[in-house]
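Derivation of every value follows stated rules applied to the coordinates shown; laboratory data play no part. Since the structure is predicted, the reported quantities are computational estimates derived from the model, not experimental observations. As a convention, Cβ positions derive from the backbone with ideal geometry for all residues, glycine included, and neighbour counts pool all protein chains shown.
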C-alpha cells in the first residue's frame, strides 16, 4: 500500500475526522443521554472488561435501585453485590460502594476533575479521565484497551502497551488528538473506533476515518499491533461444590467472607481440591470421569477444612468451567446430604431453588444452579437449624 500522506496524520484533521465519524455512526447508549456524573461513573465501572450490550440492563436496574450516590452509600454491600451478580469482577462493585460511602461521609458532592476522581477507591486514570471529560468537559485523554490498540496501530508502536514509557506515549498522543471543545465526545469516539472498527482480529480498515494516515495499514500488518504482553502460564484448578437441600427443597448457600475472592456474594458450598502449577510431573486429568473421581476423593476434606461443612457426597450432577486471570477452573457439582446438624451463623442460609437467579450468586454458582431445579437428592436432616435468608429491599 502507498505511504500515508503527511496531512492525513495532522492532529487537527484527525480530530475533525474522528468526531464527524462518531456523529454519523455513534451507538445510542443510555448513558450517552445524560451528563449526570454518577450515572456515567456507574457505566464506566460496569463497562470495564464487559461488553456494552451486556452492561445496559445491569446499568438500568442498578440506577433504578440506587439512583444517586446517597442511595448507593446507604445500601448494604450484599444488596449492591446482588444487583451486580452476573457482571463478574465483583471487586469493581465493592470499590464503587466504598467510594460512594466515602463521598456520602463528606456531604455527597461528586468530584469534578480527573485528579479528584483519581483519589477515590477503585478509580484509576482511565475511569477518572472518562468521567471528567464526559460529565464536565475536562480535556483529560483516556487510554483503555481499545484506545491503545487504535493508537499503537496508527503510529505502529513496536513495544507492548503495558510498559510505562509506552503508556505515557499513548496518553500524550491521545491528548494531542483530543478536541478541546468536545473532549468527552472525542474520548468516546476513540474508544468506539477501537470497539467497532479497529478490532483485535480482522479490523475493518476501509471503514476507518483514519485509514489514510494509519502506518500499520500502510505496512499491511495491523494485526501485529499492539505488541503482545507477556502473560503467565495458565494454571488448571479443580474445585468441587455441593448441592444440599432441605425437605422443603430449599438450597443451602454460603456467604463468602471478607478476605476471600468474591467476598459478600453467595455460593453453593465449594472448595479447591487441586491446582496444577508449572513443572508438575502429573498433568490434570482430561476425562470427565477421572475429574469427577478426583473431586469426589478430595471434596469432603476440602469442604470441612475451608468452610466447616460436613457432608456425604451423592451423585455427580454436572460441571462448569470458567477462567479468572490465568487460572482455568473446573468445578464439579455433587448432590450431598449433611452429616449432623446444619451450620449455624449468618454465613449460611436456605434459599428457594426457583429464586436462586436473584440471590446474588457468584458466576460459577449461578451457572451450576441450573442443576438445582425440582426435588431430588441432597436433602438435609429434617429440622436442621440454619439461619434464614436475609431480607431483601423492596
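Some points to look at:
- Scaling against 2.2 N^0.38 Å puts the C-alpha radius of gyration of segment 6-224 at 1.05.
- Peptides 41-50, 227-236 ordered by average Cβ neighbours within 10 Å, highest first: 41-50, 227-236
- Normalised by the number of residues in segment 1-114, the mean separation of alpha-carbon contacts (under 8 Å, six or more apart) gives a relative contact order of 21 percent.
- Within the chain, helix-based [θ] at 222 nm, where runs of 4 or more DSSP H residues each add -39,500 (n - 2.57), nearest 500: -12000 deg cm²/dmol
- Share antiparallel - DSSP beta bridges, the chain, percent rounded to 5: 70
- Rg/Rh (Cα only; Kirkwood hydrodynamic radius) as it applies to segment 156-293: 1.17
- Cα-Cα pairs of segment 235-372 separated by more than 26 Å (percent): 19
- For the pair segment 307-361 / segment 69-96, the C-alpha centres are spaced 22 Å from each other.
- Protection proxy ranking, highest mean first, for peptides 161-169, 301-309, 207-215, 269-277: 207-215, 269-277, 301-309, 161-169, where packing is the per-residue count of other beta-carbon atoms within 10 Å, averaged.
- Given the choices [x] 78, 56, 33; [y] 71, 44, 41; [z] 109, 48, 46, Cα extents along the principal axes in Å derived from the coordinates of this structure is entry [x].
- As a rough guide to protection, the peptides 20-27, 242-249, 127-134, 142-149 ranked by mean Cβ packing within 10 Å, highest first, stand as 127-134, 142-149, 242-249, 20-27.
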